[in-house]
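Working notes, structure below.
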Amino acid sequence: MRNVLSARKGEDMPFVPDPQQRFRPGEVILEMRNITKRFPGVVANRRITFDLRAGEIHAILGENGAGKTTLMSILFGMLQPDEGEIYVYGKKVTFRSPLDAINMGIGMVHQHRKLVSAHTVLENIILGHPRAGKVLNLKEVEEEVVALAEKYGFRIDPRARVWQLSEGEKQAVEIVKALYRGARILILDEPTSALTPQETEHLLESIVTMARSGLGVVPFITHKLPMVLAVSDRVTVLRRGEVVARLETKDVTEQLLAEKMVGRPVLFDLKKPDVPLGRPVLRVENVSTLNDKGLPALKGASFEIREGEILGIAGVSGNGQRELAEVLAGLRKLTGGRIYFDGRDITQASVLDRWKMGIGYIPAERKDVGSIGEFTLVENVLMNFYFDPSMVQHGIIDYAKALRLTKELIIEFGVSTPGPEAKAKTLSGGNLQKIILARVMARRPRLLIAALPTQGLDIGAMEFVRKKILEAKAHGAAILLISEDLDEVMSLSDRIAPIYEGEIMGIIPADEAKKEVIGAMMAGSRVEETQQ
Amino acid sequence: MRIGRYRLKLEKRVTLAGWQAALISLFAIVVALALFSIIFFLAHVNPLRAYKEIFSYAFTNRYGLLLTVNRFIFLLFATFAFIIPAKAGLWNIGMSGQLYIGALAAFAVVYAFGGKNSQSAQLNPWIVLPLMVLAAFAGGALVGGIAGYLKGKLDVNEIVLTMLLNFIAFWLVAHMIKEGGPFMNPQGRGESFALPKSLHAPLIFGVPFTIILALGSAVLLEFVFRKTSFGYQIRAFGQSPPAARYAGIRPFRIALLVFLLGGGMAGLAGYHYFGAVPGVYKIARTYGYFGDLSFYGIICGLISLNNPIAAIPVALLFGGLSIGGRFVQGKLHMGFGLDYALLGVLMITLVAFQFFYRNKIVLERVDS
Ligand SMILES: Nc1ncnc2c1ncn2[C@@H]1O[C@H](COP(=O)(O)OP(=O)(O)OP(=O)(O)O)[C@@H](O)[C@H]1O
Ligand SMILES: [Mg+2]
């Protein structure tokens, strides 16, 4: 077992990197050779070779299910490869657990946040830290953490409880946590998928600062191509578990990257179908509600959506979008206002009644709310059908029918999975999103509430999902599209309602909307409601 | 770990098939028995002989087997009392209180029909027996339901609640059957009045009819969990309350219903032991012992991974060992509490072996 890194002290003299040691820029500090990882039914990684140089930002790209998360989980010791070797600072290592990886100065921020909700930010940061357990001076730690965060431009409140944070804030906490543990190689799995444009901007700056300071070296993974082009030095593209290209960023274009990923040219622009608008489906009057912290989150929102219409709520996460969606889905109590669906007052209607009357909700929190990891895909599809007369007779679920539906959805939405009986937790992030979407769309809702529907999807899937949303529109559904992606909102919506601090700043017809104006409204400037 | 050209590696399991779980449990039982041999060695008893005595008394001896089966029925109901809320992610540790109240309710039916004072009172069993069973279920359900209601409405911790209810029920039984209580045995003795002969439960090959209820419940529960919308809702809520809420499942309804049903199952355990087991037919002075025994329902539930069918062999084993252990203790003149010690070791080993439900050890060849 020589040369094998071990978490246990004293065993074969574990190699510990010297925190002060500087690496020459360009020096290879991490290497993965011929990594293969099989899961029942799929080869997630096939003979993958990957290297990382000091001071470099190395992006990993690939479609949903291409094997990105798997590769990074191996690098972080969460999974063990079936074949292949890993070298860190030139030494061969075997990671038995993330602890081994952390001890080698590798930090990881996951696609889905893994913080303990009930604990404070500070507690989460020191949880599992080597220094925790010894006597800790909390005050000192707090100061260190705040200083560290500020150095890279993250704003975090160390005493806030994690359940109160927005996705973007959680992300910052995870990064600071990794840095605080002394990470020198930072792996970010889809770091921007849940971030607001401003936060993304901040993060990119921080990433560049970290890389250039010689301290952190950051490979990252994303579907947002412009971002890849803006900051990375090199790009490795995976498809179906294999490396299909390794390129210098300066040599590539967005179109080229997209083609490499998907294996075919991708449309970046979609044609919005011309649908005559019908009767109003949803009318929201002066609706207010509180967030989880008990503070006003939505302040007197009013709007209407008609058959065949898409209303886009544009805004930076944490400005009341989640609360708005939850109020409409019946998951959150109102503090004021009324909601009408097809002219009927549904302000007090239960969640189940709303599903039954044709309201469909695609939540942004797909792991915790939108799916059940331990359930099979069939059972996950049933989340929106266990009450449906087409699927249940006399209280008995027709599992054969549910299985058929699931198979159809898997094929139609191109979900990559060994099959309908696979557990949801084995799906890659994007594929999980596809199955949730597929299941809600399969109900053919009259009102579709789609919160961040394309978040974490690869560009091929993104194109597909947008097509699906437009299809629902063509069928006469009223759609509330909540998105942080301004381009998405502008290209899909009929009208755009920027939201800021719980207030809708105005409603603008999409064909009159200018990006700068919407952007300004999202940041708080008010434009008089334009009549359409 | 490395052995020659091979290496042992610990890996996370992706899936666990039913037969794998069964095999692991079987292995755990063997290990537990091996461990427990030490106790026999220390007492200068040949463990093989001791185990032979335990198993042959519990499972082949005519008297022993009947005792085992009665314990088994009792434990199976207690296990269901745990499993049903557990599927919804809720902990019922109130089976003892629920079974006491179930038993009291069953005896209250007899009391109401005036069957208290005479052993030879002629009551129509076709009317009174079903009422007793129903009352036992309702009594247990009531106690469970209190916990479920408070859990659902106010999100009070259900573990604390059910435990407190156990204490209340324990003293309520004492009040009812001890000196001066309405259910007092005419001869005193700190036990309840005995059932009139006409209400002795019908036997099938010497086994009370409650075995049909117990096994039937196993099949029914399996069906409910696997096939029905209600079972689906319970499981979804148990896996993820926020996801269940999103899907329109009402937490209050689930919490209330699983505790009503679970409590009802415990109530049936109470009827079975005090109302249907030959030679008992009264709420015995030692009722506390059976309250304690019912907690093994928790262990049986955990070991059978909350699967009602898997609970059958597990409850049978625990029932048998508790009978066999007690027998051997007397026969080989061993110290008091051998049966509980044996169950305890078995429980710890089985729970420890659940590690292998989540992980596996693989042997692989190392090249070079
Ligand atoms: N624990 C697991 N068990 C079984 N299969 C798995 C498991 N984890 C991942 N897979 C499969 O391995 C493949 C690669 O998944 P991975 O999560 O690495 O994809 P990804 O590139 O990160 O995709 P995304 O962009 O959607 O997050 C997928 O087909 C997935 O279903
Ligand atoms: Mg992923």
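Taking helices (runs of 4 or more DSSP H) that do not extend beyond the stretch B:226-319, which have at least 2 residues that are more than 14 Å from chain A (Cβ to nearest Cβ) and open to solvent by less than 50 Å² (accessible area, probe 1.4 Å)? Reasoning before the result, please.
Details: elements: B:229-239, B:241-246, B:251-271, B:287-294, B:296-303.
Result: B:251-271, B:287-294, B:296-303.
Just to be sure I understand the filter: pairs with C-beta atoms under 6 Å, separated by 6 or more residues or on different chains, first member in the stretch A:421-432 and under 16 Å from B:GLN239 (Cβ atoms) and within 7 Å of ligand 1 (Cβ to nearest atom), second member open to solvent by 10 Å² or more (accessible area, probe 1.4 Å) and not aliphatic (A, V, I, L, M). Which pairs pass?
The qualifying pairs are A:LYS425/A:GLY373; A:LEU427/A:THR417.
Would you pick out the residues in the stretch A:34-61 that are away from ligand 1 (no atom under 15 Å from the Cβ) and outside any strand (DSSP E or B)?
Correct list: A:ALA54, A:GLY55, A:GLU56.
Look at A:GLU421 and say whether it is within 11 Å of chain B (Cβ to nearest Cβ), buried (at least 23 other Cβ atoms within 10 Å of the Cβ) and of a type in the set (Asp, Glu). Break it down into steps so the answer makes sense when it comes.
Numbers: within 11 Å of chain B (Cβ to nearest Cβ): yes; buried (at least 23 other Cβ atoms within 10 Å of the Cβ): no; of a type in the set (Asp, Glu): yes.
Against the criterion (within 11 Å of chain B (Cβ to nearest Cβ), buried (at least 23 other Cβ atoms within 10 Å of the Cβ) and of a type in the set (Asp, Glu)), A:GLU421 does not qualify.
So, A:PHE385, is that one away from every other protein chain (no Cβ under 11 Å) and of a type in the set (Phe, Trp, Tyr) or not? Lay out the reasoning, then the answer.
Working: away from every other protein chain (no Cβ under 11 Å): no; of a type in the set (Phe, Trp, Tyr): yes.
It is false that A:PHE385 is away from every other protein chain (no Cβ under 11 Å) and of a type in the set (Phe, Trp, Tyr).
If you take the residues of the stretch B:184-237 that are out of contact with any Gly (no Cβ under 6 Å at 6 or more places or on another chain) and of a type in the set (Ser, Thr, Tyr), which of them is nearest to B:GLY319 (Cα to Cα)?
For the stretch B:184-237, the residue satisfying everything is B:THR210.
Considering only the stretch A:86-93, I want to know if a residue exists there that is within 14 Å of chain B (Cβ to nearest Cβ), away from ligand 1 (no atom under 12 Å from the Cβ) and either surrounded by 22 or more Cβ atoms within 10 Å (Cβ to Cβ) or over 24 Å from A:LYS425 (Cα atoms) (or both).
Filtering the stretch A:86-93 down to residues within 14 Å of chain B (Cβ to nearest Cβ) leaves A:92.
Right, trim to away from ligand 1 (no atom under 12 Å from the Cβ) and you get A:92.
The next check asks that each one be either surrounded by 22 or more Cβ atoms within 10 Å (Cβ to Cβ) or over 24 Å from A:LYS425 (Cα atoms) (or both); those that pass are A:92.
Scanning the stretch A:86-93, I find at least one residue that is within 14 Å of chain B (Cβ to nearest Cβ), away from ligand 1 (no atom under 12 Å from the Cβ) and either surrounded by 22 or more Cβ atoms within 10 Å (Cβ to Cβ) or over 24 Å from A:LYS425 (Cα atoms) (or both), so the answer is yes.
Check A:VAL327, A:VAL378 and return the single one that is more than 9 Å from every other protein chain (Cβ to nearest Cβ), in a helix (DSSP H, G or I) and in contact with a helix residue (DSSP H, G or I) (Cβ under 8 Å, 6 or more places away or on another chain). First the steps, then the outcome.
On the way: A:VAL327 fails: in contact with a helix residue (DSSP H, G or I) (Cβ under 8 Å, 6 or more places away or on another chain).
Going through A:VAL327, A:VAL378 in turn, the sole match is A:VAL378.
Being assigned to a loop (DSSP other than H, G, I, E, B), facing chain B (nearest Cβ under 10 Å) and under 28 Å from A:ARG404 (Cβ atoms) is the filter here; which residues of the stretch A:341-365 pass it?
The answer is A:PRO363, and nothing else.
What's the total number of residues in the stretch B:35-55 that are over 30 Å from B:ILE361 (Cβ atoms), in contact with a helix residue (DSSP H, G or I) (Cβ under 8 Å, 6 or more places away or on another chain) and touching a residue at least 24 places away in the same chain (Cβ under 8 Å)? Outline the logic, then answer.
The initial filter retains those residues of the stretch B:35-55 that are over 30 Å from B:ILE361 (Cβ atoms), namely B:42-46, B:49-50, B:52-54.
Retained after the next criterion (residues that are in contact with a helix residue (DSSP H, G or I) (Cβ under 8 Å, 6 or more places away or on another chain)): B:46, B:50, B:53-54.
Subset that is touching a residue at least 24 places away in the same chain (Cβ under 8 Å): B:50, B:53-54.
Residues that pass the stated criteria total 3.
Can you name the number of the only condition in (1) under 27 Å from the mean Cα position of the chain (by Cα); (2) away from ligand 2 (no atom under 16 Å from the Cβ); (3) crowded, with 23+ Cβ neighbours inside 10 Å that A:ILE410 fails?
(3)
Does A:LYS114 meet the test of being more than 14 Å from chain B (Cβ to nearest Cβ), at pLDDT below 85 and within 16 Å of ligand 1 (Cβ to nearest atom)?
When the stated conditions are applied, A:LYS114 passes them.
Residue-by-condition table, conditions (1) of a type in the set (A, V, I, L, M, F, W, C); (2) within 16 Å of ligand 1 (Cβ to nearest atom):
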{"position": "A:PRO389", "(1), (2)": "no, no"}
{"position": "A:GLY419", "(1), (2)": "no, yes"}
{"position": "A:ILE435", "(1), (2)": "yes, yes"}
{"position": "A:VAL440", "(1), (2)": "yes, no"}
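Can you pull out the residues in the stretch B:11-34 that are open to solvent by 90 Å² or more (accessible area, probe 1.4 Å), touching a residue at least 40 places away in the same chain (Cβ under 8 Å) and away from every other protein chain (no Cβ under 14 Å)?
If the condition is that a residue be open to solvent by 90 Å² or more (accessible area, probe 1.4 Å), touching a residue at least 40 places away in the same chain (Cβ under 8 Å) and away from every other protein chain (no Cβ under 14 Å), then B:PHE27 is the only one that fits.
Could you check the stretch A:89-118 and list, in sequence order, the residues that are outside any loop (DSSP other than H, G, I, E, B) and touching a residue at least 60 places away in the same chain (Cβ under 8 Å)? Write out each step before concluding.
Step one: of the stretch A:89-118, the residues outside any loop (DSSP other than H, G, I, E, B) are A:91-93, A:98-103, A:106-109.
Within the stretch A:89-118, A:LYS91, A:LYS92, A:VAL93, A:LEU99, A:ASP100, A:ILE102, A:ASN103, A:ILE106, A:GLY107, A:MET108, A:VAL109 meet the criteria.
Can you confirm whether A:MET72 is open to solvent by less than 10 Å² (accessible area, probe 1.4 Å) and not acidic (Asp, Glu)? Even if it seems obvious, please write down each step before you answer.
Details: open to solvent by less than 10 Å² (accessible area, probe 1.4 Å): yes; not acidic (Asp, Glu): yes.
Criteria met by A:MET72.
Would you please name the residue that is nearest to the other protein chains (Cβ to nearest Cβ), looking only at residues in the stretch A:388-417 that are among the small types (Gly, Ala, Ser) and in a loop (DSSP other than H, G, I, E, B)? Reasoning before the result, please.
Of all residues in the stretch A:388-417, those among the small types (Gly, Ala, Ser) come to A:390, A:395, A:400, A:402, A:414, A:416.
Still in the running and in a loop (DSSP other than H, G, I, E, B): A:390, A:395, A:414, A:416.
On the way: A:SER390: 13, A:GLY395: 5, A:GLY414: 23, A:SER416: 16 Å.
Among them, the one singled out is A:GLY395.
Could you please tell me which pairs satisfy a Cβ distance under 7 Å, a separation of 6+ or placement on different chains, a first residue in the stretch A:439-459 that is free of Cβ contacts under 8 Å to residues at least 40 places away in the same chain, and a second residue that is away from ligand 2 (no atom under 16 Å from the Cβ) and β-branched (Val, Ile, Thr)?
Within 7 Å, the pairs are A:THR454/A:VAL465.
Collect the residues in the stretch A:48-66 that are open to solvent by 10 Å² or more (accessible area, probe 1.4 Å) and within 16 Å of ligand 2 (Cβ to nearest atom), keeping them in residue-number order.
A:GLU63, A:ASN64, A:GLY65
Taking strands (runs of 3 or more DSSP E) that do not extend beyond the stretch A:211-297, which have at least 3 residues that are in the same structural domain as A:GLY343 (by TED's automatic domain parsing), touching a helix residue (DSSP H, G or I) at 6+ places or on another chain (Cβ under 8 Å) and at pLDDT 80 or above? Before the answer, list the steps.
Details: elements: A:218-221, A:234-239, A:242-248, A:280-290.
Ranges flagged: A:280-290.
Just give me the residues in the stretch A:492-525 being at positive phi, open to solvent by less than 20 Å² (accessible area, probe 1.4 Å) and over 24 Å from the mean Cα position of the chain (by Cα), in sequence order. Can you show your working first?
Quick first cut of the stretch A:492-525, residues at positive phi only: A:501-502, A:506, A:524.
Now drop any that are not open to solvent by less than 20 Å² (accessible area, probe 1.4 Å), which leaves A:502, A:506.
Residue satisfying the conditions is A:GLY506 alone.
Suppose we keep only residues that are touching a strand residue (DSSP E or B) at 6+ places or on another chain (Cβ under 6 Å) and of a type outside the set (D, E, K, R) within the stretch A:153-181. Which one would you say is surrounded by the most Cβ atoms within 10 Å (Cβ to Cβ)?
A:ILE175
Could you please let me know if A:GLY315 is in the same structural domain as A:SER493 (by TED's automatic domain parsing), touching a residue at least 40 places away in the same chain (Cβ under 8 Å) and in contact with a Leu (Cβ under 7 Å, 6 or more places away or on another chain)? Please lay out each step first, then the result.
Values: in the same structural domain as A:SER493 (by TED's automatic domain parsing): yes; touching a residue at least 40 places away in the same chain (Cβ under 8 Å): yes; in contact with a Leu (Cβ under 7 Å, 6 or more places away or on another chain): no.
In short, no.
Could you say whether any residue in the stretch A:462-475 is within 16 Å of ligand 2 (Cβ to nearest atom) and more than 14 Å from every other protein chain (Cβ to nearest Cβ)?
Within the stretch A:462-475, one or more residues are within 16 Å of ligand 2 (Cβ to nearest atom) and more than 14 Å from every other protein chain (Cβ to nearest Cβ).
The values are calculated or read from the model by the stated rules, or taken from the named source; none is laboratory data. Predicted model, so just to flag it, every value in this text is computed and none were measured. In this analysis, Cβ positions are derived from the backbone assuming ideal geometry, glycine residues included, and neighbour counts consider all displayed protein chains. These area figures cover heavy atoms from the full protein model, side chains too; ligands, DNA and RNA do not enter into them. Shrake-Rupley method; radii C 1.70, N 1.55, O 1.52, S 1.80 Å.
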